[in-house]
Structures are given as C-alpha cells and as structure tokens.
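Everything on this sheet refers to the single structure shown next.
The values are calculated or read from the model by the stated rules, or taken from the named source; none is laboratory data. Everything numeric here is computed off the predicted structure, so don't read it as measured data. Positions of Cβ are generated from backbone atoms using ideal geometry, with glycine treated the same way; all protein chains shown enter the neighbour counts.
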C-alpha cells in the first residue's frame, strides 16, 4: 500500500512538471516576435520560371527576390535592384494600400537603334509579408504595328480618294462638254486611266489579303516565265511611256517555274512599277531571267535613285515607305513590295534586293523551277519600247 501511494505521488509530480513546462513554453512563444519569412509563396517560383513576360518579386525593402530572365534582358533588373523608378513607385503604392495597379511605362531601349521600349505593367501584392509582384509585357511591337495600320489607312484613304474624286470631276466635265466630241474623247481617256489606277489599288489590297491569309497557291502548275514577263511589261507600258522609260526583256528564254501565273505577273508588275516610279526620265528598266540550279531567277534592274542602306532591311515590310512624300507623289501605296515578298514565300522562294543610292536597284525573285531543274535556252536581249 505504501508503495502504491509513493508511485501515485511521483506520477502527480511528473504530470505537474510537464504542465508547468508546457505553460512556460507557450508564454515564451507568445513573447517572441514573429519571424520575417522572405520565401516565395508555394508555386510562385515555378510560375515565374515559365512566364514569357518580365516578372519581378520585391520584398518589403524593395529588394528583388526573384526576376525572370526577360526582366534582366530588358534591363529592368540589375543585381537585386529594380531599375525603373516608375515601377518602384507603383510597387510602394501597392504595398501601402494592397490595391492592384496597372499602367504603361517607357524605358530606354536595349536594342541598337531602338530608342525606347514600351511596357504594359501590372503590380499586385503577393503574400502577407510586404512582397509585391511586378509583371511587365513588352508592347513595342504592338505599338509599331498599330502605327503601321494607322499609316496604311491614311495612305489607302488618300489613294482611293484621288481617283474617285478625279472620276467624279471628269464625269461632270463630260456632261458639260456633251456637244464637244473631241473633249468627250479626251476626258473619257482620262477616266479610263483613273479607273485603271483604282482597279490596281483594289486588286493589290485583295491580293495582299489573300496571300497574307496563308492560302496556298490555288492551282499550281508550270508557268512560262517569258509570258509572265511580257504580260507584266505590257501592263506597265503606259506608265513607263509617260516618263520616256524603256522597258527591256532579257536573259534566258524557255524557263518555267512551278506556281501561279497571275501571282507571278502581279509580283513582276509591282517590281516594274516600283522601278519606273523611282527612276528618272529617259532611262531604262531591264527584266531578265536566268536558270539557277533547281530555281529560276527573275531580276528587275533600274537606273533610279536607289535605296538608303538603313531602309534595305525594312523595304519589304507592309506599308513601309522610304520617302512618304515621294511615294504619295508617285501614287504608291506601300503595298507593292510586300506583295512581292508574300508571292515569293507562297511559291517556296525568296526575293532579294541590291541597291546603291544614286546608282539604281536590282530586285531578284528566286522561284522553284518546274520539274526541279531550270532548262536554259539562250536568247538575245530585246528592248520592248514603252508605247506612247
């Protein structure tokens, strides 16, 4: 009995000691300050690693905890510092009131020749320890495309307005000159010219839209290069004659490509029109074809003003103009060379350009030969005089 009593007393003492230690531990934990955890919330690091846009996580002291490779590549982050002052200001506001903020900022460009880079940014609180998430999406290309579209609408509106206005005026003039057959004939000829100009513009728009839609060549087959060259020259004769420019067909005859004849004629017409527009009077434009292994090369060379080196890389962009004022004076829409490029791509070929200011330009279409091999039959260069 005494042994049981002693064991019971010992057990009570141990239990009491455990309770006292537990109470003391709880008291000490309550008095200790909560540790600061700068670790990212679960899953955030994995998400940031696969984001294509610039992403940055800042701690409560504005130090960079994590930054995507894009953020560093654009120069938004260096070391553990966020370099854009506007982003820092936004991050501090978000940390202060917990509200998500969106904005658009510009920073110095990182690429050669690029003045600024435009970002659409979104800043949001992350976790409960003062961390902030910054997302920045590069909008520079979108801005450029929007500018190109605005220019295109302005250019096309101008080009459409000119022939439509001329047709309206000429129609009124013919009405007033109904009793003068000579005047009616002259003005009717002018109306045909303006109608043709309008038709070419609409056709170019339709062609560009169709090719850019990634449509394949509708019914590919053997296309005689000679026939396409002569057809393109014939369509450009009137414009060339007005400047006393001689159109010349040369090179090798009997070549065939695999593709669509109308698209090839359209591409060549645009190249010849472009050459005539930017050449001085009393010069000549040469269109020549030659075999090149499993391809056929068709070149259009002029003696015009040439293209500046800085514009050569962009010359085939949609709606790009080297000289806007001159392009409008010559009636160009900025679509011609873009059409040529897309025709070449649709045929599985390419177009290249050589040019020197003051010495003229040469555009070369390289297209797949019919049958996989270009068969050459020599011929003598023959000038095709532009009819007056």
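What the table shows:
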{"quantity": "Hits in region 260-296 (condition: at positive phi and either at pLDDT below 90 or in contact with a strand residue (DSSP E or B) (Cβ under 6 Å, 6 or more places away or on another chain) (or both))", "calculated": "293"}
{"quantity": "Selection count where residues are in a helix (DSSP H, G or I) and surrounded by 12 or more Cβ atoms within 10 Å (Cβ to Cβ), scope region 172-184", "calculated": "4"}
{"quantity": "Hits in region 255-312 (condition: assigned to a loop (DSSP other than H, G, I, E, B) and touching a helix residue (DSSP H, G or I) at 6+ places or on another chain (Cβ under 6 Å))", "calculated": "255, 294, 302"}
{"quantity": "Subset of region 332-350 that is surrounded by fewer than 16 Cβ atoms within 10 Å (Cβ to Cβ) and more than 18 Å from residue 209 (Cβ to Cβ) - its residue that is modelled with the lowest pLDDT", "calculated": "348"}
{"quantity": "Residue match in region 358-379 (condition: out of contact with any strand residue (DSSP E or B) (no Cβ under 8 Å at 6 or more places or on another chain), modelled with pLDDT of 60 or more, closer than 20 Å to residue 286 by Cβ and in the same structural domain as residue 260 (by TED's automatic domain parsing))", "calculated": "yes"}
{"quantity": "Residues of region 338-370 classified as under 24 Å from the mean Cα position of the chain (by Cα) and in a loop (DSSP other than H, G, I, E, B), total", "calculated": "3"}
{"quantity": "Check on residue 66, modelled with pLDDT of 90 or more, surrounded by fewer than 20 Cβ atoms within 10 Å (Cβ to Cβ) and either in a helix (DSSP H, G or I) or touching a strand residue (DSSP E or B) at 6+ places or on another chain (Cβ under 6 Å) (or both)", "calculated": "no"}
{"quantity": "All positions within region 236-258 that are modelled with pLDDT under 90 and under 23 Å from residue 316 (Cα atoms)", "calculated": "239"}
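This table checks each residue for (1) assigned by TED's automatic domain parsing to the domain that holds residue 198; (2) without any contact (Cβ under 8 Å) to a residue 40 or more places away in the chain; (3) within 27 Å of residue 51 (Cβ to Cβ); (4) surrounded by fewer than 16 Cβ atoms within 10 Å (Cβ to Cβ).
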{"site": "77", "(1), (2), (3), (4)": "no, yes, yes, no"}
{"site": "81", "(1), (2), (3), (4)": "no, yes, yes, yes"}
{"site": "91", "(1), (2), (3), (4)": "no, no, yes, no"}
{"site": "102", "(1), (2), (3), (4)": "no, yes, yes, yes"}
{"site": "107", "(1), (2), (3), (4)": "no, yes, yes, no"}
{"site": "118", "(1), (2), (3), (4)": "no, yes, yes, no"}
{"site": "131", "(1), (2), (3), (4)": "no, no, yes, no"}
{"site": "156", "(1), (2), (3), (4)": "yes, no, no, no"}
{"site": "161", "(1), (2), (3), (4)": "yes, yes, no, yes"}
